[in-house]
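Comments concern the structure below.
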Amino acid sequence: MEKAKPRVVPAAELEKQREFAALLCEVLPERFDGAPRAFVRTFGCQGNEADSERIRGQLELCGFSFSKSPEEADFVLYNTCAVRGHAEDRALGNIGRLKQLRENREAMRIGICGCMVQQESVAQKLREQYPFIDLVFGTHAVHRLPELLYRLYTNEKRVYAVANSPGLLAEGLPLRRESGFKAWLPIMYGCDNFCTYCVVPLVRGRERSRAPEAVLAEARAILDSGAKEITLLGQNVNSYRAESADGSPWDFPRLLQALDALEGDYWLRFMTSHPKDCSPALLKTMANGRHIARHLHLPLQSGDDRVLREMHRGYTAAQYLSLAEQARALMPALSMTSDIIVGFPGETEEEFRKTLRLVERVEYTSLFTFIYSPREGTQAARMDDPVSHAEKVRRFQELTALQEKIAARRSAELLEQTLRVLCEGAGKRLAFAGRSESGKVIEFDAAAPRIGQFVRVKVTAAKNWLLDGAAVDD
Ligand code: SAH
Ligand code: SF4
């Protein structure tokens, strides 16, 4: 389907923001006797992590340095998630704890941003019940952070920027990445799918894809900086649609091929891939890729056709299974992971059992399982929901127990095999921890520090889903 061209933040607007940043660089050091320190904490998905990297980049441009804890910070910002009630409760609980800190430190300021505050009712609640929060801005105002901070630090009043919007694309924002070897690379924002349980389309705006030139330039810069893994982000990367400057159309497989052609030793990952738009062309691109990890995150949500229809997912259980089979036929070693919701309104025991059967058939490497959480403004929140919470918890436990058995079986198959692992840091049980191409965490011993490098690791023990190993090439 043809998509309207996304609205891009004009260069003049970004220039204005840079001017606000320059003004802050003059104002703030006088007030704080040096650079003020900021602390940004992220709740929720990788999309929020990527936003936080752009937020930190802008804070740096405004003259902030960074602290390791809220206690040492002059400005604390919580970037929040709205996808489930639990995520909101956690963010509010954490924010509540900052109140005392703020009372004892006159110059301290507190901000809250992200998906949660893009909901009108939440913004209002914060306004009325959280007077110690100084700055509130939604997902559509991230590129205006310098202006918002300038208003906060010069007018001393609470600043709110939570207007709803179909969404814009802001290119060229400064960035401060958390990791030197793993990078998030957003290729699109927003979502047009309106799954009936999901708040994302309401808080993230309409689907909009970045120009291929912008994505490729960012990927090149990431690889030039020495990174070993790029994860492409979007709510539904399979509906990536953009035009390059020469007017030629780009879809996700084309973008993936162009990224895969970049020189270097790296893994390319992507998420999330919506099953309804997952095409044979994408699977072929993955199978032929030089750098594309053989790992497909393909959210199932439910294994029952009635529930899938009520969820507005756009595929049947049989279509999903056939897709999984096609993918495995092309890539026998493919690792698949998924998201599943249990207790969607009206889900019967028999419908739930169909989910269990599908999970058994596909044999996922791992699963993200959630108990359905009603979200204000979504269609599902208005549906009858006769099943008790206790029953939903029971289903949840049955599903996670099944997945644990499958994961243990799949882990045991890896015993004695040698895997390529990206070393991510220190381990809890052994010296190092990393992830294999399939996304499995493995701890291992190695003679020399290997953080941020690929290491060949022989699997020496597989207990449940835990893997232990030893580096074999040093
Ligand atoms: N765009 C992605 C998912 C983003 S939200 C996709 O379509 O796959 C991540 C996951 O949170 C979803 O896949 C779903 O399993 C879960 N989720 C979303 N809304 C939820 C809700 N209201 N209750 C419980 N889980 C939910
Ligand atoms: Fe939510 Fe569905 Fe969009 Fe994913 S595809 S973000 S689950 S509405």
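What follows is calculated from the coordinates using simple rules that are stated; it is not laboratory data. Just so it is clear, the structure is predicted and the values come from calculations on it, not from any experiment. Glycine gets a Cβ as well: all are built from the backbone with ideal geometry, and neighbour counts include every protein chain shown.
A few points about this structure:
- Alpha-carbon centroid distance for the pair segment 17-70 / segment 281-302, whole angstrom: 36 Å
- By the Cβ distance rule (another cysteine Cβ under 4.7 Å), the unpaired cysteines of the chain are Cys25, Cys45, Cys62, Cys81, Cys113, Cys115, Cys191, Cys278, Cys423.
- Kirkwood-type hydrodynamic radius, segment 144-260: 16.3 Å, calculated from all non-identical alpha-carbon pairs.
- Filtered GluC sites (Glu not before Pro), segment 96-131: DSSP coil and at most 10 other beta carbons within 10 Å: Glu106
- With both residues required to sit in the chain, DSSP beta bridges show an antiparallel share near 35%.
- Electrostatic tally near Ala461: other residues with Cβ closer than 12 Å to its Cβ, Lys and Arg +1, Asp and Glu -1, net -1.
- Neighbourhood net charge (14 Å Cβ-Cβ; Lys/Arg +1, Asp/Glu -1) for Arg353: -3
- Value at 222 nm in deg cm²/dmol, rounded to 500, when DSSP H runs of n ≥ 4 in the chain each add -39,500 (n - 2.57): -11500 deg cm²/dmol
- Anisotropy class of segment 154-198 from Cα gyration tensor, a/c 1.5 cut: oblate
- Rounded to the nearest Hz, the phi-derived 3J(HN,Hα) couplings of segment 424-438 under the Karplus curve 6.51 cos²θ - 1.76 cosθ + 1.60 (θ = phi - 60°) are 9, x, 6, x, 8, 9, 10, 4, 10, 9, x, 10, 7, 4, 6, where x marks glycine and proline.
- Selection from Val76, Pro36, Leu169, by position along the positive dipole direction of the chain (Cβ): Val76
- Sparsely packed GluC sites (Glu not before Pro) within segment 142-199, loop by DSSP, other Cβ within 10 Å at most 16: Glu156, Glu171, Glu178
- Helix 317-330 and the longest principal axis of the Cα set of the chain meet at an angle near 80°.
- Among beta bridges from DSSP that stay inside segment 368-474, the antiparallel ones total about 85%.
- Given Lys5/Lys182; Lys68/Lys228; Lys440/Lys463; Lys228/Lys458; Lys354/Lys405; Lys276/Lys405, the pairs whose alpha carbons are separated by over 23 Å: Lys5/Lys182; Lys68/Lys228; Lys276/Lys405
- Working note: Karplus 6.51/-1.76/1.60 with θ = phi - 60° gives segment 178-193 the couplings 6, 10, x, 10, 10, 10, 8, 9, x, 10, 7, 10, x, 7, 10, 7 Hz, where Gly and Pro are set to x.
- All C-alpha to C-alpha distances of the chain, sorted into 10 Å bins beginning at zero, yield P(r) values of 4, 18, 27, 28, 18, 5, 0 percent in whole numbers.
- Annotation: the antiparallel percentage among DSSP beta bridges lying fully within segment 200-334 is about 35.
- Sequentially through segment 458-472, phi angles give Karplus couplings (6.51, -1.76, 1.60; θ = phi - 60°) of 8, 6, 9, 8, 9, 10, 6, 9, 7, 10, 10, x, 9, 5, 10 Hz, Gly and Pro residues having no value and appearing as x.
- Here the extension length gained between Ala401 and Ala107 equals 100.9 nm, from 0.36 nm per residue of separation less the Cα-Cα distance.
- Segment 256-340: Cα Rg divided by the 2.2 N^0.38 Å rule of thumb: 1.16
- Anisotropy class of segment 131-211 from Cα gyration tensor, a/c 1.5 cut: oblate
- Shape parameters for segment 346-474, alpha-carbon atoms, Rg then Dmax in Å: 19.3, 60
- Relative to the globular-protein estimate of 2.2 N^0.38 Å, the Cα radius of gyration of segment 1-122 stands at 1.20.
- Length gained on full extension, Lys157 to Asp445: 98.3 nm, using 0.36 nm per residue less the C-alpha separation.
- Inter-label distance for Ala431 and Ser121, nm, one decimal - labels placed 7 Å from Cα along Cα-to-Cβ: 5.4 nm
- Distance between modelled label sites at Arg41 and Ala281, nm, 7 Å Cα→Cβ extension: 4.4 nm
- Rg and Dmax of segment 398-457, based on Cα coordinates, read 12.8, 42 Å.
- Summary of the geometry: segment 95-169 and segment 377-395, compared by the centres of their Cα atoms, lie 32 Å apart.
- Sites Ala12 and Ser179, calculated FRET efficiency, Cβ-Cβ separation with R0 45 Å, nearest 0.05: 0.85
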